[in-house]
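See structure below.
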Amino acid sequence: MKIQLLTYSVTRKAGGVFDAVRDLFTNRFFAEHNINVISFEDEMLEQDIPAWKGMPMQLFKAGPMLFSLRAKEALLTSKADILHMEALWRWPHLWMADWKEKQKRPLVCSPHGMLDPWIISNQGKLKRLVSNIFFQKGLEAVTCYHALCKKEMEDIRAYGLKQPVAIIPNGINMPEKLNEFGKLDVFHHLLYL
């Protein structure tokens, strides 16, 4: 399967989203799939790209709110079987509906907490109006939402979205060091975090 991944950053500039997305798609269960990443350049690329284990990437320079016509063109000409969109509320969010309409293929979106009711309510009525005018089409184009937990699924529903939601938590990276019994000494590692 060809998976097109669109994420706002492939570096630590994305905060926890960086670890969640990278760990998910570099997992051995995705090894048999053809994954391509579309993302944007930033000053942490040199340090953080090796963590992606050589995954093919198209990285673009972007303007405000991650505006990039070249990135949009790369996405819309992608021949992937599925698009997996990470995060919301920037220019790439606007491209989701265009991709779905053009490719007629499934679109999965991981909002990463960006539909939390507290966040939405604190952004003000003007921002919600702008969201309804510009971003709603993208939200409605999603075939299935990927929630990290039950609360995030509830947030997706509270926003009014009716599509299926798959609850798939972030994985964890277990330490490679084994104790003398051949089991992971998780307690020991937790003490030193």
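The values are calculated or read from the model by the stated rules, or taken from the named source; none is laboratory data. Quantities reported herein were computed from a predicted structural model and do not represent experimental measurements. Neighbour counts run over all protein chains shown; Cβ positions are idealised from the backbone, glycine included. In case anyone asks, the SASA skips ligands and DNA or RNA and just uses the protein heavy atoms, side chains included. Shrake-Rupley method; radii C 1.70, N 1.55, O 1.52, S 1.80 Å.
Can you tell me how many residues in the range 53-96 are assigned to a helix (DSSP H, G or I), buried (at least 16 other Cβ atoms within 10 Å of the Cβ) and either out of contact with any Pro (no Cβ under 9 Å at 6 or more places or on another chain) or of a type in the set (D, E, K, R) (or both)? Walk me through it before giving the result.
First, the residues of the range 53-96 that are assigned to a helix (DSSP H, G or I): 64-66, 69-76, 91-96.
Within this subset, residues satisfying the condition of being buried (at least 16 other Cβ atoms within 10 Å of the Cβ) are 66, 71-72, 74-75, 91-96.
Filter once more, so that each one left must be either out of contact with any Pro (no Cβ under 9 Å at 6 or more places or on another chain) or of a type in the set (D, E, K, R) (or both): 72, 74, 92-96.
Adding up the residues that qualify gives 7.
Where residues in the range 28-52 are hydrophobic (A, V, I, L, M, F, W, C) and in a loop (DSSP other than H, G, I, E, B), which of them is surrounded by the most Cβ atoms within 10 Å (Cβ to Cβ)?
By that ranking, first place goes to M44.
What is the one condition in (1) exposed (fewer than 13 other Cβ atoms within 10 Å of the Cβ); (2) in a strand (DSSP E or B); (3) of a type outside the set (V, I, T) that N132 does not satisfy?
In the conditions (1) exposed (fewer than 13 other Cβ atoms within 10 Å of the Cβ); (2) in a strand (DSSP E or B); (3) of a type outside the set (V, I, T), N132 misses (2) alone.
Output the number of residues of the range 97-115 satisfying the condition of being in a helix (DSSP H, G or I) and within 18 Å of P164 (Cβ to Cβ). Lay out the reasoning, then the answer.
Keep residues of the range 97-115 that are in a helix (DSSP H, G or I), which gives 97-103.
Now drop any that are not within 18 Å of P164 (Cβ to Cβ), which leaves 97, 100.
Summing the residues that are in a helix (DSSP H, G or I) and within 18 Å of P164 (Cβ to Cβ) in the range 97-115 gives 2.
Among the residues in the range 37-58, are any closer than 19 Å to G138 by Cβ and of a type in the set (D, E)?
no
How many residues does the range 1-27 hold that are open to solvent by 50 Å² or more (accessible area, probe 1.4 Å) and under 25 Å from K79 (Cβ atoms)?
So the count comes out to 4.
Exactly one of these conditions fails for W118: (1) touching an Asp or Glu at 6+ places or on another chain (Cβ under 7 Å); (2) of a type in the set (F, W, Y); (3) open to solvent by 70 Å² or more (accessible area, probe 1.4 Å). Give me its number.
(1) is the only condition that W118 fails.
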